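Here the structure comes first, spelled out in structure tokens, and everything after it is commentary.
The values are calculated or read from the model by the stated rules, or taken from the named source; none is laboratory data. Just so you know, these numbers come straight off a predicted model, no measurement behind them. A quick note on method: Cβ atoms are made from the backbone with ideal geometry, for glycine too, and the neighbour counts reach across all protein chains shown. These area figures cover heavy atoms from the full protein model, side chains too; ligands, DNA and RNA do not enter into them. Shrake-Rupley method; radii C 1.70, N 1.55, O 1.52, S 1.80 Å.
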Amino acid sequence: MPEQTNPFEIARQQLHAVADKLKLSAAMKSFLAEPEALHVFTVPFARDDGRIEVVTGIRAQHSFARGPAKGGIRFHPDVGIDEVKALSMWMTWKCAVVDIPYGGGKGGLTVDYKALSQGEKERLTRAFARRLTKVIGPDFDIPAPDVNTGPQEMMWIADEYGHFVGHPEPAVITGKPVDCGGSLGRGSATGRGLVFCVERYFENHGISLKGKTVAVQGFGNAGQYAARLIAGLGASVVAISDSRGGIFNDKGISVGAAIDHKTRTGQVAGLPGRAISNAELLELDVDILIPAALENQITGSNADKVKARLIAEAANGPTTPEADQILFAKGVTVIPDILANAGGVTVSYFEWVQNRQRYYWTEEDVNSRLREIMRRSLDQVERMAAEHKCPWREAAYLLAVARVAGALRVTRDL
Ligand code: NAD
């Protein structure tokens, strides 16, 4: 039977696997298996040649049980309802694992956004924002950047929302530029949060990180910060890659020089070392593997060849359920995406808190609060895994789903 790769089916399988252990009622399971709200919009916008084009916009709000929905907006030709529903469910669990007061949301436009001119991008984003204004808000649903969206898109959306409510409302969206109410430390938050987890893991096991070898697949925002910060703790980054291929250097890669090279040339190829493929990178004999690119990278076909003893998932969904079972049987620990990459949403939460307080924190403040949350969450997941003798992903789900179900039991008869 081919491996399941529909993200929504995977998300439901993951939920069902823990629902029985938690003895959730049938009603609770059905309630959690779908978003509480799903909005699908037609979004017309003017092309530069005057033609009007209509694209599909989606926003899924998986859960409001623990607070407003929170999650990114992606603009990509592959964006579809199942993907958005799955991502919104994963956001619910992610926020619950690190215990921040949000449910999950996700949204996007099905469009080849990169092919548009700057003017077309602005007209399209603003047109989508005008649809979204009726279903988002600082107390209801707070979007953030995701694939192909960044501070500029967030500001266009915030601006449209401000016109809609009649006053500026920075807390409606996160990932804004620092000058417009963004938080210091947001750029590095995902990689930093992941490294706080890895550091704590080694501390808990009484092992030093010094000299431990690391391979990082994907050298964008999350991968670069993770590589830089883990090297700062004395580990040796021996392999990195991007969509065009990778590089292996057993003497260690200078991460600062690699970031300069990638910024200048757009690729990691050309750095000193041996050229390797992305598939080879995953199977290297290293201590720590950090997938920081795409989903479905470690699968039933290559999981038994993975040699790392610790995998820390910066990417969302890089390991399939079949691979998870193989890795657990081999004794490999996987710090799952919903914990390892939760630093990003945690600092988004800090941004929202600062916007609402109209009082802004220093970068040191942001990083130290992030550290506290990541370390506490890692400890809780590790304890849960030990108690249930289960993979860390399952432990993180047990923790997260129990928190959400607990909130629902208080407010609804489920
Ligand atoms: P990014 O676009 O900055 O970087 C992605 C990197 O992956 C690029 O270097 C790209 O070349 C590389 N890549 C693309 N296809 C590849 C392939 N087939 N093999 C190897 N590398 C490939 O994106 P990002 O923000 O760093 O996000 C990376 C992952 O982390 C995504 O799964 C994202 O959902 C997840 N994530 C990011 C954040 C965040 O705050 N940035 C938060 C949570 C999760």
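Overview of values
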{"quantity": "14 Å cut-off, amide nitrogen to a point 7 angstrom out along ALA386 Cα→Cβ, residues in region 204-230", "calculated": "204-207"}
{"quantity": "For the chain: relative contact order, % (alpha-carbon pairs under 8 angstrom, 6 or more apart)", "calculated": "16 percent"}
{"quantity": "Selection of trypsin sites (Lys or Arg not before Pro), region 2-92, meeting DSSP coil and at most 10 other Cβ within 10 Å", "calculated": "LYS23, ARG51"}
{"quantity": "Dimensions (Å) - the chain, Cα atoms, principal axes, largest first", "calculated": "56, 54, 49"}
{"quantity": "Taking region 1-145 and dividing mean pair separation by its residue count, relative contact order in percent (alpha carbons under 8 Å, at least six apart)", "calculated": "27 percent"}
{"quantity": "Anisotropy class of region 176-320 from Cα gyration tensor, a/c 1.5 cut", "calculated": "rounded"}
{"quantity": "Within the accessible area of region 304-414 (1.4 Å probe), percent carbon and sulfur", "calculated": "50 percent"}
{"quantity": "Beta bridges per DSSP with both ends in region 1-132, % antiparallel, nearest 5", "calculated": "70 percent"}
{"quantity": "Global form of region 1-136, assessed from the alpha-carbon gyration tensor, a/c cut-off 1.5", "calculated": "prolate"}
{"quantity": "Neighbourhood charge, 12 Å Cβ-Cβ cut-off, centred on GLY273 and excluding it, Lys, Arg +1 and Asp, Glu -1", "calculated": "+1"}
{"quantity": "Prolate/oblate/rounded label for region 275-344 (Cα gyration tensor, a/c 1.5)", "calculated": "rounded"}
{"quantity": "Centroid-to-centroid separation of region 247-272 and region 1-73 [C-alpha atoms, Å]", "calculated": "37 Å"}
{"quantity": "Fraction of antiparallel bridges per DSSP, the chain only, in percent to nearest 5", "calculated": "45 percent"}
{"quantity": "Accessible area expressed per residue, the chain, with surrounding protein chains retained (probe 1.4 Å, Å²)", "calculated": "40 Å²"}
{"quantity": "Accessible-area composition of region 221-260, carbon plus sulfur, in percent [1.4 Å probe]", "calculated": "47 percent"}
{"quantity": "Pair ARG409, VAL40: separation of 7 Å Cα→Cβ label points (nm)", "calculated": "3.5 nm"}
{"quantity": "Estimated distance in nm for a label pair at ASN204 and SER277, the labels positioned 7 Å out from Cα along Cα-to-Cβ", "calculated": "3.6 nm"}
